[in-house]
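Presented below is the structure to which this report refers.
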Amino acid sequence: MGKNLVIHQISAENLYRESGKALIGYDLSVLRSQLDLFLKAFQSVGRLMEVAYSYKTNPLLADTLHHWGCKMEVTGKTHLHEALKFCHGNEIILMSPTLDDALIAECLHEKVHIIADSIQQLEKINKMAKSHVKVGLRLNTCVESKNPLCASGSSFGLLGVSEKEFLSQLEKIKTFKNVELIGIHNHFASQNTDLSSWRKNAEHLVKVASLVEGLHYVNIGGGFSIDYQDNAPQIEKVVQALFGPLFNLPEDVHVVTEPGRFLAGPCGILLAEVVAVKKDLVNTAFLNTSIFSTFPDRLLSGFAFNPSIQIVNKINKKGKNTFYIRGSSPSSVDFFGTIKDSPTIREGDIIAIKNVGAYGTAQASSFCGAEKPLEYLIDDAVVKCVGIRE
């Protein structure tokens, strides 16, 4: 065991050899530790907070997280229906920029909490609701992050109501007879490592929240960074940046968070086999899987997200080689990263790529014929197949 990678008591090499195909193993002990770490960081500042897992990040983990006390945040009809199989409607938050009449009607019927993306959506909900309904509204603070690697939720005003527009429409919102605005929602930025921008955004949220009568919560969304890069701040640092300003919220206003990547990312490990090796200007090992079907998050970051890569069956061995690890397609961007100070990699070696639990197969593409990997939940020594290759 000491010379082989172990995923919570399970030999990674044995797991791969038994399946014979590329797979992602989700270690539920790591998922639990990420949730505990997240909760502890917020508890340390003494503020009431609840977690609504961002379902789109990895639906395969949602049921487990719900069992551990998380609500669900969904963004459309398909995920709503899936979440309703193990959740009650009042345990679900829905936010969609394309909130049509049918989806509104279903949310009202199931008592799903709606977060509107626009004043127009609020008006539509007010018109359709047959009785008093409590809703939230997504706010765009227009604060920008200095971190070029993150995707800002405030950029260009594409999502949510701008702070300026919201303040100009606040009196109108108060006239809606069937809608009561009880929450402000804000997804600031994803994988954001700029702590000063977290703080500045929170200052804007507190300012707006102070103007809304009867406010129950401020939903600060997700975007908490994980170690795709070396400079990801610890979650405690992010929480401290947030709660400088958030301490100024009234005591009866609680905080909602929607972590997705922070919970799901670190628990996923991709296992794949080297099926070809090329020695030329650079040493290259080709895997029997593709980045398009396993780790598109790396593509979306412009290859700024650099996962940890190991040779499973040579875990303690060192060498003087550098190997480029590529996927199975001929695309030039099908590239997972490099292994430095590596022993010689040969066909048949098993490669482990860590931190792939978020958005992997949820965003999987069949580009160049890429196939989805098999997927397993690993709980203690129990392995359960939950994802079937399409």
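Name the residue, out of K207, K237, K200, that is among the charged types (D, E, K, R), free of Cβ contacts under 8 Å to residues at least 12 places away in the same chain and surrounded by fewer than 19 Cβ atoms within 10 Å (Cβ to Cβ).
Details: K237 fails: free of Cβ contacts under 8 Å to residues at least 12 places away in the same chain; K200 fails: free of Cβ contacts under 8 Å to residues at least 12 places away in the same chain.
Of the residues listed, the single one that is among the charged types (D, E, K, R), free of Cβ contacts under 8 Å to residues at least 12 places away in the same chain and surrounded by fewer than 19 Cβ atoms within 10 Å (Cβ to Cβ) is K207.
Looking at I351, is it of a type in the set (V, I, T), within 22 Å of I226 (Cα to Cα), in contact with a strand residue (DSSP E or B) (Cβ under 9 Å, 6 or more places away or on another chain) and modelled with pLDDT under 95? The answer is no for I351.
Being under 29 Å from the mean Cα position of the chain (by Cα) and modelled with pLDDT of 95 or more narrows it down to one of L181, L159, so name that one.
Working: L159 fails: modelled with pLDDT of 95 or more.
Being under 29 Å from the mean Cα position of the chain (by Cα) and modelled with pLDDT of 95 or more holds for just one of L181, L159, which is L181.
Checking each residue in region 322-355 for being surrounded by fewer than 21 Cβ atoms within 10 Å (Cβ to Cβ) and touching a Pro at 6+ places or on another chain (Cβ under 7 Å) picks out G337, K354. Of L94, L99, all but one fail to be of a type in the set (A, V, I, L, M, F, W, C) and modelled with pLDDT of 95 or more; the exception is L94.
Kindly establish whether G46 is open to solvent by 10 Å² or more (accessible area, probe 1.4 Å), more than 30 Å from Q310 (Cβ to Cβ) and at pLDDT below 95.
On the way: open to solvent by 10 Å² or more (accessible area, probe 1.4 Å): yes; more than 30 Å from Q310 (Cβ to Cβ): yes; at pLDDT below 95: yes.
In short, yes.
Selection of region 86-125 for residues being among the hydroxyl-bearing types (S, T, Y) and out of contact with any Ser or Thr (no Cβ under 7 Å at 6 or more places or on another chain) yields T98, S118.
Put simply, of S145, S131 the only residue that is at pLDDT below 95 and in contact with an Asp or Glu (Cβ under 6 Å, 6 or more places away or on another chain) is S145. For beta carbons closer than 6 Å, sequence separation of 6+ or different chains, a first residue in region 360-387 that is aliphatic (A, V, I, L, M) and outside any loop (DSSP other than H, G, I, E, B) and a second that is modelled with pLDDT under 85 and open to solvent by less than 40 Å² (accessible area, probe 1.4 Å), the qualifying pairs are I378/I7; I378/I10.
If you check G222 against the conditions, is it among the small types (G, A, S) and in contact (Cβ under 8 Å) with a residue 40 or more places away in the chain?
Values: among the small types (G, A, S): yes; in contact (Cβ under 8 Å) with a residue 40 or more places away in the chain: yes.
Yes.
The values are calculated or read from the model by the stated rules, or taken from the named source; none is laboratory data. Quantities reported herein were computed from a predicted structural model and do not represent experimental measurements. All Cβ positions, even for glycine, are placed from backbone atoms using ideal geometry, and neighbour counts span all protein chains on display. To get the accessible areas, we keep the full protein, side chains included, count just its heavy atoms, and leave off ligands, DNA and RNA. Shrake-Rupley method; radii C 1.70, N 1.55, O 1.52, S 1.80 Å.
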